[in-house]
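The values are calculated or read from the model by the stated rules, or taken from the named source; none is laboratory data. This is a predicted model, so every value here is computed, not measured. With ideal geometry, Cβ positions are generated from the backbone for all residues, glycine too; neighbour counts draw on all protein chains shown. We work out accessible area using only protein heavy atoms, side chains counted, and drop any ligands, DNA or RNA first. Shrake-Rupley method; radii C 1.70, N 1.55, O 1.52, S 1.80 Å.
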Amino acid sequence: MLDCSLSDPWVSGDFAPCFREIIIDSLIPILLLLGSLSAVIISHVRYRRKTLSIYTPLKTNASLLGGAGSYGATTHVPTITVEDDNDSPQDQDDATSTDSTISPSYEERSTRWSIYNITRFIASLIQVGIYLFSLQQLVSNNYELDKTVEGSQEILMTSVGANFIFWGYTLVLAIFNIAWTPTSKKPVADDICFQLNILYLVHFFINLLDLRSFYLIHYTNFSGAEGYLHSILTALITFILLCIIIHEHRHAPIEPIVADTGRVQSTENWASLYSQFLFSWVETMMKEGYRRTLNDDDLNELPPENRAKNILSNYRKHKSRSVLKSLFRAYRGPFIIQFLYCTVWNVGMFGPPLFLNKIVKYIENVNHNDEPVSTAYLYVIGLFVTGVVQTLAVQQALYIGRTNGIRIQAIAIGEVFSKSLRRRDTTGAIDTDKDDDEEKAKNVNNLLSVDAQKMGEFIAYCFYVYSYPTQIVISIFCLYKLLGVAALYGVLVMFLTQPITYYVSKRFETLQKDLMTATDKRLKTVNEMLNAIRIIKFFAWEKEFRSRVLASREIELKAIRARLFMFMHMMNSWFLIPVLIMVVVFYIYTLEHKLTASTAFTALALFNTFREALDEFPMIISFILQANVAAKRIESFLDEDEVEISAPSSASLHDPTQIGFVGDAAFSWEKPDPSKPQEQTLALEGLNLSFPPNKLSIVCGPTGSGKTTLLSSLLGETWLVKGSIRLPRIIPNRSSPLGGAVSGIAYVAQTAWLQNCSIRDNILFGLPYDAERYEKVLYVTALTRDLDILEYGDSTEIGEKGVTLSGGQKQRVAIARAVYSQAETVILDDCLSAVDAHTAKHLYEHCLTGELMRGRTIILVTHHVGLCLKGAAYVVALKDGKVAGAGDPHTMLKSGVLGEELARIQEENADANEEKSTDGPIPTVPQSAKKTGEDGAGKLVQEEARAEGGVKWSVYQTYINASGGYVYWIILLLLFSLAQSSVLVQDYWIKVWASAYPPGPEGASSDDLGANSTMTTSNSVGIFSSAGGFGSSASEPGTFSIHYISSLLSKDEANRVDVEYYLGVYFFLGIVSLVMQSIRSLIMFIGSINASRRLHERLLHRILRAKVRFFDTTPLGRIVNRFSSDLQTIDQEVSPSLSFLLYSIVTTISIVGLITYVIPAFIVPGAVIAIIYWLIGAYYLATSRDMKRLNSVSRSPIYVQFNESVNGVTTIRAFGSQHRFIAENHLRIDNNNRPFLWMWATNRWLHARVEVVGAFVSFCTGFVMVMARDWVDPGMAGLALSYSLTFVFHVLWVVRMYAINEMNMNAIERLHEYLDVDQEPPAHIPATCPPVSWPETGKIKVQDLVMKYSPESPAVLRDISFETRPREKIGIVGRTGSGKSTLTLSLFRFMEATAGQIFIDGVDISKIGLEDLRSRLTIIPQDPVLFSGTLRTNLDPFDQHDDVELWAALKRSHLVDHHGADDNKNITLDSPVSANGSNWSQGQRQLIALARALVKKSSLIILDEATSSVDFDTDHQIQQTIRKEFVDSSLLCIAHRIRTVADYDRILVLDHGKVIEFDTPYNLISQEDGVFRQMCERSGEFTELLAIATAKHEQEK
């Protein structure tokens, strides 16, 4: 028997025979068998327990090795049970996390005689037979023992016996698996399958170790090696078995599973191992995307464990103060699996450089190798296998990262949203500054958009935190083994140059911030311009604003130029540093060693890996820091105070109050500080109020008395300092219904809060539609008439912040929501003030005291005390935060507390009469709305057209022409080719340098090869050799098993090769490449800036010259989008991505060209590979494009809902609708995560395939090189092979950058769409230009005028004809919709006349230029628009007047007054005006607009009279100024109050677009049946109006 010692397991580069056969071949299989047996027994016991108990589990998708799991090989998708009895307030808020499991129940396909089960059985049977045969041969001494590999017969018999038992055990398991698969014991069969797969895999690796031992001795000589053939046969059978079972979908359902959202469930969780690793499960969507454009409905549902509600539920079970720690705890399983994949990647990525070294070394020493060529082919296989394994591992790690990334985003958004519905609203606090509130709201938005994303990005890439340091350490180790001390010099240079890259990166960051500032300033100007586009067109100020925007744009372009140039410097530093490193390394190394191709190209590959890890590591550190800051910000937000809604305390015998306040209740907006009670600011105090149940109660009081605070306190929104609140409410829980007023309380805020959905959906508020009740609600809230006017009735989409409705309509929709709800208590905050007097009366009579509100407790804050007093049972009067009086109306009237409130009644009646006079009689409210639109028909703004398919060539042409035309692009392509050629020449020079040394093994000169023959025997051996490999004890340096370091150059060789010359040329070529790259980048970026400038100028010009109708039909946000995100893409992304695409294309072509040049035979596999790449790329791009587009539009609904909910949080809490909003939020998160995750899955699908094919390219290259080993140059072989390793990277980026480029071009496409908008007529027509003095008298003649808003719409003005006299003052009156405003728009040619003409001072305005027309007229609009700047720039934007004129205009407009000197002593011409004039009151803005008209001194002035914007005194001043200052001008005034125009020269009465009457006020008021006289009579001021008209008539006599 052979002497066997287990203490020395490694002998001569291999395991000792006895160690291998006792430990590896015998002990490990038996231990595995025992472990497997234990697992199967446990599984069976667990199954028996479950079947014996009454508990029946749902079927789960428990995975097997190749079965299920989101992340491939060993992941397991357990059923996650969510406890229902979770007491945390967060979970109480979250109804949707109550699902009993997150894995849906489904019936699995279970076939007993599947190909996989049969294969397992047959393979195990054959293996049992083989080992039984070998055992019989050993026992009968017929076995030919190979003592160099197999040791003694006794040990071998032990090994074969152990393997016989091992395979016998697998055969038994395979039989049980077949027997139990279609039965109720399938869960046990599944566990058996998992165990079998593990056993097969481990045994295969044991087989490979045995084969290596045989190969090292026998190579491919099989004669007389019975054990060798036995090992090959068993390994082959196991390999075939594994190849078959990796396709098993063990847990696939019988039919596709449809999730609760109606989508088909993703097959990810039951995909086969092959499908997991190559992401084939995503192909169901990709097939659809390849056939047609993908829509959101086509996307598969996320796996249950990645749905927002389940993510949050799982997270909350592991929740602690730290968000990130909780996440790591909740998802530690996926993180561990990710770590294992990363370990494979970190080690495996060094396989290709190792095998590159081996192959080139073999070719270098082709005439001096003792090893057969099969070794070289094994190196080529090793190159392919390590390439594939490491890439598949990193794809899994990346996908797990992305999955965890969406989880943390779902957690961050879900937690922040849930918190915002519980968070205390502090905006009512006395000391809270408005700006602070806006800042806080903005910060909360940032938590969702910026911070959640930052955390998601970090989690997605967190594995780099440990991967990069690992790679750096391994790189340095390998380089040291390869180059010795020279490698350390290279590492030193790398570290010394890091500050340069750090500085350049920081500088780039700074310039990026500067650019953002410049962009913000330009966008502010653009926003202002678009918001005031009508005023700009009225005053013909397009030129001025164009120059303003272009000035901002030039500053921005300077910042873009600086940023692009810094980007170029950054690229240059990344290019130059490796050149410096290699110069230093090669110099130090060649002082003592011969530089060979295998050394040089392996070193280059390793330094590239090292540099990438080192360059990226700071970015990962910044990711960590940013994520940490983001997590802390989110945590601090989650720690903020919450509104505590406790169960109501019931009324007691001594205190019968059911609804109200007891115990001198006091409230504050600020959090009470028990240590400083005296400093507490109270908003309300001394409250002892008892609102009668089922009756109407009124709360009144002057502005600021605390009425709204009283309601907020009742709802629990303020801090209770003293006493207690009584308000019966249902605390919502998981079993509560989701719609309407779940709490039993409905609340209508002072400023109506509505959702961005249809009117019907706002009213229903989640409740089912009851047609009868709904119709009644519409009638009592006076909405029936409004719905008839709206084109789509109640399907009309309200729009963001209710933009489509007037203030009164919004308030009535909010009231309708409260009335329709099931609430017992209805709380209304001053809801009558937003509606006119007759509507208020209707609401009181039919709604507040009508049948639908009968029996409900109503608490109403109102100023309409006189209207509501008669129906009220209880009245509360507040003053300065205290109760001035409370009791029934009779008692309150007696006390005199209501004196001030009742005095307003007379005023209200006067207002109502005034409205009646101009707008016609009050229309009665119809009982039902005639129009009810179909769902979705009334979308305010139709969804933006989403580009489909590839980008059209015309779009590319737009950019090509803007950047410099075809010649520019031809030059650019030439420069790209030259830059790449220079890089290629530099790498080729290494080959020239290596070839300068004499051929033969290193350390041996050509003269003494024979003397060194002993050295050559171990020269090229490696991982398949007996002397090489990891930890080799031979003279080789180690990992790379090469003789470079140990052998010194002979003096003759040192003298023969001029290192300085070769090094100098190498460095010079590097500098030439750098210069070429710089020139290329410079020209590229100059073209980019030119394109940005030209496209922006064209867009701005087209938008400024667009017709007003365009701005009516296009949301401003959409236009701003073109100027912001689309232009930002063109400025910052198009050029770098195009340059990277061109670089990748040129590099890919150069690599293919180089390999083909070295080995012409490569053209055959190269052509096949090219076709495969084209097919993969085309298949990927079709789906990827749509996924990206879907992803880009799915995020904004989250923000819209969030902002909407935060604005209406008090209403939501009062209704008790938090659960419904949280469920909606979860759906929106899923809608965002779905396209995002599937987009990344398609990216992984692409990467997996491209990189596997890329590894095949390296395989083909290596294979062809080895075939041509006798004549191919080793240097060229090294160059071609090293380039083939980077080939996959460049091809991948050709596909990816093409996709990104298509997305970027989409921005140009969207911009291109707006370059074709309809334009207004010319600004100047020289042939018809009126004289400078025109118009002199302001005489207007309108002849047969017909006006339409659009060709298909009905006429608004119908055959109007009238003529005014010079300098005449005309009042235009008529009810709403009579055409008053349209007439003024016609004078400015905002629409072109369909028929007829308008003459001003004898000039036909349709024949002159628009700017000539508009600049000579003046309008004082109803709603004055101001621009940011100063008073001077608002009065005189073109600097045409001096300060004296401007100041005089301010005085004459009464903005600066002698009487109110104290009020306006700070007003100067340089007084700032913020955007929209928001720092001035509405009245002051009206006066500034008047001053602007005074400065312009036009002969024709149009005044659209302000109705509610100014107080009585200001209105009086404006009228005085108009009468005094515009004596020499013609004046057309659109009147809303007859008193204003009663003393004008003539009155024009319009109705339904026709002139009804046109005469002096006196004549018209004297006509018995005249329309004007009826208006005067209805106003209630007939006597006063008649007196004014008579006085004017007498004056003119």
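Candidate cross-link partners of Lys361 among the lysines, defined by an alpha-carbon separation under 21 Å and a same-chain spacing of 8 or more, comprise Lys481, Lys594, Lys991. Taking every protein chain into account, the 1.4 Å probe leaves Tyr792 with about 90 Å² of accessible area, to the nearest ten. Subtracting the Cα-Cα distance of Asp297 and Asp880 from 0.36 nm times their residue separation leaves 204.2 nm of extension gain. Taking label points 7 Å from Cα along the Cα-to-Cβ direction, Tyr290 and Arg321 give a separation of 5.4 nm. Which lysines have a Cα less than 16 Å from the Cα of Lys894, not counting those fewer than 8 places away in the same chain? Reachable lysines: Lys870. The listed residues Glu772, Glu640, once ranked by accessible area (1.4 Å probe) with the largest placed first, stand as Glu772, Glu640. Label sites at Ala1327 and Asn572, each approximated as a point 7 angstrom past Cα along Cα to Cβ, lie 5.6 nm apart. Between amide H atoms placed 1.01 Å from N, distances below 5 Å from Ala834 occur with no residue 5 or more places distant or on a separate chain. For Val1346 and Lys524, the difference between the fully extended length at 0.36 nm per residue and the C-alpha to C-alpha distance is 292.1 nm. Rolling a 1.4 Å probe over the protein heavy atoms leaves Cys757 with an accessible area of roughly 30 Å². Largest to smallest in accessible area, the residues Tyr774, Tyr1179 fall in the order Tyr1179, Tyr774 (1.4 Å probe, all protein chains included). Here Ala1591 and Gln1567 are evaluated by their C-beta separation; at R0 = 25 Å the FRET efficiency comes out at 0.85.
Using a/c under 1.5 as the rounded threshold, could you call the stretch 264-371 rounded, prolate or oblate? The axes a ≥ b ≥ c are square roots of the C-alpha gyration tensor eigenvalues, and prolate needs a/b larger than b/c, oblate otherwise. Oblate is the answer for the stretch 264-371, as a/c is 1.5 or above yet b/c matches or exceeds a/b. Pairs from the table (Lys1348/Lys1407; Lys521/Lys1380; Lys317/Lys454) lying more than 27 angstrom apart at Cα are Lys521/Lys1380. Distances between placed amide hydrogens fall under 5 Å for Leu767 paired with Gly740, all partners being 5 or more residues away or on another chain. For the residue pairs Lys419/Lys1188; Lys419/Lys671; Lys632/Lys1188; Lys524/Lys632, the C-alpha atoms sit more than 24 angstrom apart in Lys419/Lys1188; Lys632/Lys1188; Lys524/Lys632.
Anisotropy class assigned to the stretch 551-636 is oblate, per the alpha carbon gyration tensor with a/c at or over the 1.5 cut-off and a/b no larger than b/c. State whether the stretch 267-317 is rounded, prolate or oblate according to the following rule on the C-alpha gyration tensor (a ≥ b ≥ c being the square roots of its eigenvalues): a/c under 1.5 gives rounded; otherwise a/b larger than b/c gives prolate, and the remaining case gives oblate. Cα axes put the stretch 267-317 in the oblate bin.
Using the Karplus relation 6.51 cos²θ - 1.76 cosθ + 1.60 with θ = phi - 60°, the per-residue 3J(HN,Hα) values for the stretch 403-419 come to 5, 5, x, 6, 5, 5, 5, 4, 5, 4, 5, x, 5, 5, 5, 4, 5 Hz, with x marking Gly and Pro. Applying 0.36 nm per residue to the separation of Ile970 and Ile1172 and subtracting their alpha-carbon distance, the gain on full extension is 69.8 nm.
Distant-in-sequence amide contacts of Ile1419, defined by a placed amide H-H separation under 5 Å and a gap of 5 or more residues or a different chain, comprise Ile1502. Each residue of the stretch 134-145 was assigned a 3J(HN,Hα) from its phi angle through the Karplus curve 6.51 cos²θ - 1.76 cosθ + 1.60 (θ = phi - 60°); the sequence is 4, 5, 5, 5, 5, 5, 8, 6, 8, 8, 8, 6 Hz, with glycine and proline shown as x. Couplings 3J(HN,Hα) of the stretch 1550-1558, computed from phi: 10, 8, 6, x, 10, 7, 8, 9, 8 Hz, in residue order, whole Hz [Karplus 6.51 cos²θ - 1.76 cosθ + 1.60, θ = phi - 60°; x for Gly and Pro]. Rounded to the nearest 0.05, the FRET efficiency derived from the C-beta distance between Arg48 and Phe205 at R0 = 41 Å is 0.75.
Relative protection proxy for 231-241, 131-141, 1537-1547, from highest mean packing down: 1537-1547, 231-241, 131-141 (other beta-carbon atoms within 10 angstrom). What the Cβ-Cβ distance of Trp113 and Val347 gives, at R0 = 45 Å and to the nearest 0.05, is a FRET efficiency of 0.65.
Solvent exposure of Ile1149, expressed as accessible area, is near 110 Å², computed with a probe of 1.4 Å over the protein chains only. Inter-label distance, Val1120 to Leu34: 7.2 nm, where each label sits 7 Å from its Cα along the C-beta direction.
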